[in-house]
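A quick write-up on the structure given underneath.
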Amino acid sequence: MSDPTVPRPAEGRPGDGRPENAAPQELVRLLQDFTLEANHYVDAAGGRNDMHRTDLNALAVIMRHSAAGKVVTPGVLRAELRLSSPATTALVDRLHASGHVVRERLGTDRRQVQLQMTPKAYRDGSAMFMPLAIRMGQAMAAYSSEELELVTRFMSDMVEATLAAREEAGQPDSTRST
């Protein structure tokens, strides 16, 4: 019995002359292309607004956590964006100076700082990403609800697979699964 976690060598499909794994390889290539193009879009949109990619990623983290009712601190940004403490401080300073976040003290001892997006951040974000949202919405309109459900499940699985691979890549060689 073969191990399903070990990739099988490419075998031909009867009649089509293609290796069995050609379709998955093409799909992985398309996912890579999508990632690259999304990064290019973020760079272009951010560049027009004098914002670094890290600034935009930070706003996305703040928005996601805030929508879930979670407090966002500089420590949350540092962990999620994998930044050093000085880089996190510079990031928060930039976002504050640009009017995209405010710092609010939490609790009775007032030592912990919570970060919140400003209305300006939501306006600027909408202006930067609305063209992408419109184009993606137009592209998705060509698919049925069932197809979109399948693609949603697929993309969720790809995100989970990427997270697992990232965690594995960060482990010392001796602890990686074989």
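Please give the FRET efficiency for LEU132 paired with LYS70, using the beta carbon to beta carbon distance and R0 = 25 Å, rounded to the nearest 0.05. Mind dumping the intermediate values first?
Values: r = 25 Å, r/R0 = 1.02.
Efficiency computed from Cβ-Cβ geometry: 0.45.
Compute the separation of the alpha-carbon centres of the stretch 125-158 and the stretch 66-124 and state it in Å as a whole number.
Here the answer is 28 Å between Cα centres.
When the accessible area of the stretch 50-148 is computed with all protein chains present and a 1.4 Å probe, what percentage of it is carbon and sulfur? The partial results should precede the final answer.
On the way: 3490 of 6190 Å².
Solvent-exposed carbon and sulfur of the stretch 50-148 make up 56 percent of the total.
Using 7 Å Cα-to-Cβ label points, what is the ARG82/ASN39 separation (nm, one decimal)?
1.2
Multiply the residue separation of ARG166 and GLU147 by 0.36 nm, subtract the distance between their alpha-carbon atoms, and state the gained length in nm to one decimal. Walk me through the numbers before you get to the answer.
Values: separation 19, 0.36 × 19 = 6.84 nm, distance 2.83 nm.
So the chain would gain 4.0 nm between ARG166 and GLU147.
Rank-order 143-150, 86-93 by packing density, defined as the average count of other C-beta atoms within 10 Å over each peptide's residues, highest first.
Details: 143-150: 10.1, 86-93: 15.1.
The packing order, highest mean first, is 86-93, 143-150.
Give the calculated FRET efficiency between VAL28 and ALA60 to the nearest 0.05, with a Förster radius of 30 Å applied to their Cβ-Cβ distance. Could you put the intermediate results ahead of the total?
Numbers: r = 24 Å, r/R0 = 0.81.
For R0 = 30 Å, the calculated efficiency reads 0.80.
The values are calculated or read from the model by the stated rules, or taken from the named source; none is laboratory data. From a predicted model like this one, the values you see are computed outputs, not experimental measurements. Heads up, the Cβs are rebuilt from the backbone with ideal geometry, glycines too, and the neighbour counts pull from every protein chain shown. Ligands, DNA and RNA are stripped out before the accessible areas are found, and what is left, the full protein with its side chains, is counted by its heavy atoms. Shrake-Rupley method; radii C 1.70, N 1.55, O 1.52, S 1.80 Å.
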